[in-house]
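Here's the structure we're looking at; comments come further down.
The values are calculated or read from the model by the stated rules, or taken from the named source; none is laboratory data. Keep in mind that this is a model prediction, so the values were computed, not measured. Virtual Cβ from ideal backbone geometry, glycine too; neighbours counted across all protein chains shown.
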Amino acid sequence: MKRKNISNKKAVIALMLFCAFSITGLSAEVTAPPLGADAVPDLFAPNLAGPGGFSTTQGGAPASALNPAQGGDAQRIVFDVGYMGIAGFGNEKKYGNVIEGGMLIPTRFGVFGGSLRFLGSPFDGFPIKTTFGGNVFAAKEIYPGMSLGAGMNFGFGMGPEWTLSTDLGFRYNVGSLGPLRNFTWAAVLRGMGKSWMPTWFTPVGGVSFDFFHIEGEGDKRDPLALSFAGDIGLPSIVYFPFTSMTAKIGLKAVIAELVTVSVSWPGASGLNARELSAGVPFQGIPSVGLGVDLMLPSGGKRIAGGRLPSDGDLAIDTAMKPLYNDIYAIGIGATWTVGVADNRPPLIEIDYPETAYFSPNNDGKADNLEVPLTITDARYVDSWVWEIQNENGEIIRTYRNKDLRPETQGVHNLIDRITAVKSGVDVPPVLRWDGIGDSGERAPDGKYFFTITASDDSGNTAATSVYEAVLDTVAPEITLREMSEPDKIFSPDGDGGKDTITFYPEGSEEEVWESGIWSQDTRIRSFENESGLPQARTWDGTNDEETVAPDGVYSYRISAVDRAQNSAAASIDNIIISTIQPQVHLFIGDSWFSPNDDGIKDTVLMDFQVPVTEGITGWTLSVTDTQGSLLRTIRGTADIPQRFEYDGKNDSGTVLAEDKYQAELAVHYRNGYVSSSLSPVFNLRVTPPKAAVRVEYSAFSPNNDGRQDEMILRQEGSDELVWTGDIRRVNGVPGERAVRSFRFTGVPPAQVAWDGHGDAGTVAVDGEYTYELYATDQAGNTGKSGQARFTLSTADTPVMISTDLRAFSPNGDRVKDSINLNPQIKERDGIVSYQADILNSAGQSIRTFEGQGAPPDAIAWDGRANDRTTAPDGSYTAKIELRYVQGNQPGATSLPFILDTQAPKAELSTAFTVFSPNDDGRRDTIPLSISAEGNDEWTAEIFDSRNQVVRAWNWTGQPPAIAWDGKDQAGNIAPDGTYRFALQSADEAGNSFEAGIPGISLDARVPRVILTASTAAIAPKENQSAEMARFNIICSVQDGIESWNLELHDSYGAVFRRYASTESARTPPASISWNGLAENGALREGSFTPVLTVNYAKGDVVTAYTSPIIVDVSGPALSFAYQPEYFSPDNDGVDDDLVISLGAQDVSQIASWSLEIREPQPPYLLFYRIEGKGSPAGRIGWDGRSGKGELVQSATDYPVTFQATDVLGNASTLEEKVG
């Protein structure tokens, strides 16, 4: 588009250069014009000869030779043809001819056309000779009634005469000027170039108007119109030797728009100064014309008096024009106007499906009545009017199309109009009414009606039907009944106490009231919209998902927006849900089971602990795998069992694969609350342990002779918690205990050696034995290896000695204080004496037992040496020797045994005794630090207050790291309470150790802290002590608080004000007052976020926030701007309206604002005022009228006062001027 405009402007410049060349370049060939040269233009057509050709004349193509701008507003194609005979009635009895034809074609880009003519004059008194010529032209209506045109003339004669020149024309129909109608003035520059006739470079100016006009009634034709025309020309104005002046006038009467009678005077070339000075007689006889305009009906159905678009007009004109020396031109011509002028009115389309409501209160919402509009026409829309009436039918506001005025457009816009495609007046896409009447006052609330009327350039008019609009500036009204702080707290836990909260609104009757519950900026519950008066609303604590909202701070908000976008809202903040909702628990009896129908751990026993059974609507037990896939669902109604045995099957009845699983119990309550609990992970296993054993030898003899003294048992097995290897007699009685048992953890060792002694240390009797390895896993599956058989034989050993213990502790605690030496003698006859010695690890005898005859079956040693001192701890053996009467002395030595008087030792400690396993990352476990030496077996246990074991650990040697997570052996969460930790160990010698940590407090309660603020914004003053804001604090767990602090953080996170606990007051108060100042009394604006932190002894640290509090003591920051710099409200389409941009920025909300424009002179009375609530609309239009409808004075600056106040009462004012 920009490139096109540039090329159009170049064309205009080129045309101007061409005209200048025509003036200067061809002026060198100036010759004297022939007599009558300036009378020739009237002979170009009969309809010019009779009325006279004037610069304001309009017609077909021939008239464009008089003024190329004459056809700029033409709408139809026009054909012209004419003939005139030139006859001499005086001394020259000769005859000449004038033949002409032309065509005029209107287009969107302009009007184009041309004409050809032959003119022959054999007269000496009218010596224009014989010529053939014509003209072409282009015209354009650049503004309504104003046209410009340019033309080119050409011609040649029988001799050296020729013509090539240009014309520039201007014509402007002003319309009515006082009593004169169709007042038109025109100016033409003719013949710029080489012109034989008419005279070259002739500027002409003229006027025309109707001085008497009778209008027809209704659609009837006008009975009579009388008009006047006059021209003055200056032929050869740039070449003074031939310069002249011409003048003529004309009168015309149009009767019933059908017959035209016209005269022009003087005849010939009019009043011609050069001809008169040359002695040419003055022609006092006027030219006379008579014309008739006939309609040419086309085919088609028509109504009486109606016309069709295809109808045409045929004008027949006759003329008589006196020339010179009794020479007259008499002729007839026809002008055919193709078709009929556009008689179809514009099409007005409005996108207005229903009655619109608007509220002109400058709040940026529905401030204007907006009517989307489209007006189209077969040609051009010439005008439109939007009229708005009140209920009494009075027109209170009228909007019209902008009037393009040449005097306000400037040269730049003039060129654009020349190059623009012809179009009608601008039709805005949307019509807007700001509620201001033509009087300048705002229209009162009520119903209004409007119509839109549009006319095209052919005078056809269309009007819309009547539409209705409603102006409504009254906002809805709403208030909420005040609630005390205790009344804002409720607990929707289904216990029948404060399970709901009710809000009581009072307000106006509206179409829609919308209300809901909000958590900060998120609506969690929407109540059903209601019409009419707002009703009480009861909230049961549930959200839109019908589940109970978590404990916290909420707000109830209610609002209404009417059709005019007036709105009202109210809210109750700091609504608190504070409840300990019933929490169900799902416990399991064991974390392992094997659903294989062997009667052992075939199911998992699940214990349902449901503290509140009233209000239950149903329950669900779900079983999932480690990936979260749902495998089994069990549902129930209000009756929930206390226990449930899960059989390890999925929903299709198939036993699940071996894996880890978890169950979840969900209990649904009538109030929408769902309490759920996850069980500990449990394991399904049906594969039994696997093992195999074999023996190294088929027999052995544990006689300590160094040969096959031990039986090597080879074994292998799966990884299990505990393996047991039993050695039993083959012929033992049923139920007989194993002679020797071994216990292994994990994978059993590849081999184990049996020394032939029983568990207590005594030598087993000779005979056949079996060895079998077996295990029962945690799921109750038992696996066995099968039996390996072997023989124990000491038949070839006459004397043996063993002990009944492998270790003892002679420390006087009555536990294994002595050890028995047990001699085994094959032949007891013939024994003279015996001697039994206790040997230390060096082989030295420290104690001797002797006697006559056979030794007793048991010899007790109390751990003392021969000197009655206690033998040191260590490894010992017993040796016996016998003396027979035959003199032989057999002997034997026992296996080593241990004398141990030192009990196991350990040190036990913990960093704290209060912990909270609630998964908050703080003290979720209690660390139990144990240090021990040696390789003793240890047992650690957690006991509850009933002295029941809750959790146990076992190990040998160095203790593992133990941290109790508050769960029992099956993984169930232990209840809150007091527990003790016990550590104990007993070695093989009977020494024992016990230690413990009492008073372990398990508190898994999840403390919740709620912080609310009484206000969101304050405006404190320096040195004040009064409360500006109050913080309310609710702690769900009041006991066990170590410390607390409330801090107000600024926008950078720095602490602006701090309140904290003291040694005497560890629990936070129910409320804290703040005066809006820092601790040192400083006042600072900004946003401050309250942060409450509560520290519990059990490790929980709870933090609560509330919305920032704005400290604002400054008025709004105001800005004012407007466009254009200077405006002129005269509806000319140029800077008619002033667009005002208002800005009011504040950290608090804007409460109200006003804009006042005052008179420019003292006492500066109020000229115009607008105001509003809330922030002002970003753009406000002003048409320059006062509140009384008066327009602003031109070239005058008006003082402006812009004022705004925020909701805290801080105000600002800005002074400006508009021009």
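Specify the residue that is nearest to the chain's Cα centre (by Cα); the eligible residues are those in the range 925-944 that are more than 16 Å from Arg980 (Cα to Cα) and surrounded by fewer than 17 Cβ atoms within 10 Å (Cβ to Cβ). It comes out as Ser931.
Rundown of residues vs (1) assigned by TED's automatic domain parsing to the domain that holds Leu43; (2) among the hydrophobic types (A, V, I, L, M, F, W, C); (3) touching a residue at least 60 places away in the same chain (Cβ under 8 Å), yes/no style:
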position: Ala229; (1), (2), (3): yes, yes, yes
position: Ile232; (1), (2), (3): yes, yes, no
position: Ala247; (1), (2), (3): yes, yes, no
position: Lys252; (1), (2), (3): yes, no, yes
position: Val259; (1), (2), (3): yes, yes, no
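Name the single residue that is surrounded by the fewest Cβ atoms within 10 Å (Cβ to Cβ) among those in the range 427-485 being farther than 30 Å from Arg344 by Cα and among the small types (Gly, Ala, Ser). Restricting to residues being farther than 30 Å from Arg344 by Cα and among the small types (Gly, Ala, Ser), the top hit is Ser484. Of the residues making up the range 319-333, those that are in a strand (DSSP E or B), touching a helix residue (DSSP H, G or I) at 6+ places or on another chain (Cβ under 9 Å) and buried (at least 19 other Cβ atoms within 10 Å of the Cβ) number 6. Which of the residues belonging to the range 749-771 are over 12 Å from Val739 (Cβ atoms), part of a strand (DSSP E or B) and either out of contact with any Phe, Trp or Tyr (no Cβ under 8 Å at 6 or more places or on another chain) or not assigned by TED's automatic domain parsing to the domain that holds Leu721 (or both)? Residues satisfying the conditions are Gln751, Ala753.
Residue-wise test of (1) free of Cβ contacts under 8 Å to residues at least 24 places away in the same chain; (2) in contact with a helix residue (DSSP H, G or I) (Cβ under 8 Å, 6 or more places away or on another chain).
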position	(1), (2)
Asn566	no, no
Ile572	no, yes
Phe587	no, no
Asp598	no, no
Lys601	no, no
Asp607	no, no
Trp619	no, no
Val623	no, no
Gln627	yes, no
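Can you say whether Val288 is at pLDDT 95 or above and surrounded by fewer than 14 Cβ atoms within 10 Å (Cβ to Cβ), as far as the supplied structure shows? Spelling it out, it is not the case that Val288 is at pLDDT 95 or above and surrounded by fewer than 14 Cβ atoms within 10 Å (Cβ to Cβ).
Could you please let me know if Gly125 is at pLDDT below 90, within 19 Å of Thr57 (Cβ to Cβ), assigned by TED's automatic domain parsing to the domain that holds Val98 and not aliphatic (A, V, I, L, M)? No; evaluated as a whole, the condition is false for this residue. Taking Trp539, is it in contact with a strand residue (DSSP E or B) (Cβ under 8 Å, 6 or more places away or on another chain) and either exposed (fewer than 13 other Cβ atoms within 10 Å of the Cβ) or more than 29 Å from Gly435 (Cα to Cα) (or both)? In short, yes.
The set of residues in the range 79-137 being within 21 Å of Gly159 (Cβ to Cβ) and either outside any strand (DSSP E or B) or of a type in the set (D, E, K, R) (or both) consists of Glu92, Lys94, Arg117, Pro122, Phe123, Asp124, Gly125, Phe126, Pro127, Ile128, Lys129. Go through the residues of the range 999-1017 one by one and say whether even a single one is out of contact with any helix residue (DSSP H, G or I) (no Cβ under 9 Å at 6 or more places or on another chain) and over 30 Å from Gly552 (Cβ atoms). For the range 999-1017, residues out of contact with any helix residue (DSSP H, G or I) (no Cβ under 9 Å at 6 or more places or on another chain) and over 30 Å from Gly552 (Cβ atoms): present. For the condition assigned to a loop (DSSP other than H, G, I, E, B), small (Gly, Ala, Ser) and either surrounded by 13 or more Cβ atoms within 10 Å (Cβ to Cβ) or not assigned by TED's automatic domain parsing to the domain that holds Asp968 (or both), Ala657 qualifies. Answer yes if at least one residue in the range 383-391 is modelled with pLDDT of 95 or more and in a loop (DSSP other than H, G, I, E, B), and no otherwise. Yes: the range 383-391 contains one or more residues that are modelled with pLDDT of 95 or more and in a loop (DSSP other than H, G, I, E, B). Evaluate the following for Asp837: is it of a type in the set (D, E, K, R) and either in the same structural domain as Phe744 (by TED's automatic domain parsing) or in a loop (DSSP other than H, G, I, E, B) (or both)? So Asp837 does not fit the description; no. Residues considered: Ser1194, Ser1141. Of these, the only one that is under 40 Å from the mean Cα position of the chain (by Cα) and either among the hydroxyl-bearing types (Ser, Thr, Tyr) or assigned to a strand (DSSP E or B) (or both) is Ser1141. Scanning the range 1117-1136 for residues that are acidic (Asp, Glu) and closer than 20 Å to Tyr399 by Cβ yields Asp1130, Asp1132, Asp1135, Asp1136.
With the requirement that a residue be surrounded by fewer than 18 Cβ atoms within 10 Å (Cβ to Cβ) and in contact (Cβ under 8 Å) with a residue 40 or more places away in the chain, what does the range 842-862 give you? Within the range 842-862, Ala858, Ala860, Asp862 qualify. Taking into account only those residues within the range 840-858 that are assigned to a loop (DSSP other than H, G, I, E, B) and closer than 26 Å to Gln886 by Cα, which is farthest from the chain's Cα centre (by Cα)? Filtering first and then ranking leaves Gly853.
Return yes when Gly1209 is in contact with a strand residue (DSSP E or B) (Cβ under 7 Å, 6 or more places away or on another chain), surrounded by fewer than 19 Cβ atoms within 10 Å (Cβ to Cβ) and assigned to a loop (DSSP other than H, G, I, E, B) and no when it is not. So Gly1209 fails the test. Among the residues in the range 213-222, are any assigned by TED's automatic domain parsing to the domain that holds Ala186, in contact with a strand residue (DSSP E or B) (Cβ under 8 Å, 6 or more places away or on another chain), farther than 15 Å from Thr56 by Cβ and without any contact (Cβ under 8 Å) to a residue 12 or more places away in the chain? Yes, the range 213-222 contains at least one residue that is assigned by TED's automatic domain parsing to the domain that holds Ala186, in contact with a strand residue (DSSP E or B) (Cβ under 8 Å, 6 or more places away or on another chain), farther than 15 Å from Thr56 by Cβ and without any contact (Cβ under 8 Å) to a residue 12 or more places away in the chain. Where strands (runs of 3 or more DSSP E) fall entirely within the range 472-553, those with at least 3 residues that are of a type outside the set (Val, Ile, Thr) are at 505-507, 510-519, 522-526, 530-532.
Conditions (1) farther than 30 Å from Pro1090 by Cβ; (2) free of Cβ contacts under 8 Å to residues at least 24 places away in the same chain; (3) in contact with a Leu (Cβ under 6 Å, 6 or more places away or on another chain), marked per residue:
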site: Ser1119; (1), (2), (3): yes, no, no
site: Asp1135; (1), (2), (3): yes, yes, no
site: Ser1141; (1), (2), (3): yes, no, no
site: Tyr1168; (1), (2), (3): yes, no, no
site: Asp1183; (1), (2), (3): yes, no, no
site: Phe1202; (1), (2), (3): yes, no, yes
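Restricting the search to the range 904-924, which residues are surrounded by 14 or more Cβ atoms within 10 Å (Cβ to Cβ) and assigned to a strand (DSSP E or B)? Passing the criteria: Ala906, Leu908, Thr910, Val914, Phe915.
So that you can scan it fast, the table gives a plain yes or no per residue for (1) touching a helix residue (DSSP H, G or I) at 6+ places or on another chain (Cβ under 6 Å); (2) modelled with pLDDT of 95 or more; (3) hydrophobic (A, V, I, L, M, F, W, C):
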site: His213; (1), (2), (3): no, no, no
site: Gly216; (1), (2), (3): no, no, no
site: Lys220; (1), (2), (3): no, no, no
site: Tyr239; (1), (2), (3): no, no, no
site: Ala256; (1), (2), (3): no, no, yes
site: Ser264; (1), (2), (3): no, yes, no
site: Arg274; (1), (2), (3): no, no, no
site: Ala278; (1), (2), (3): no, no, yes
site: Leu296; (1), (2), (3): no, no, yes
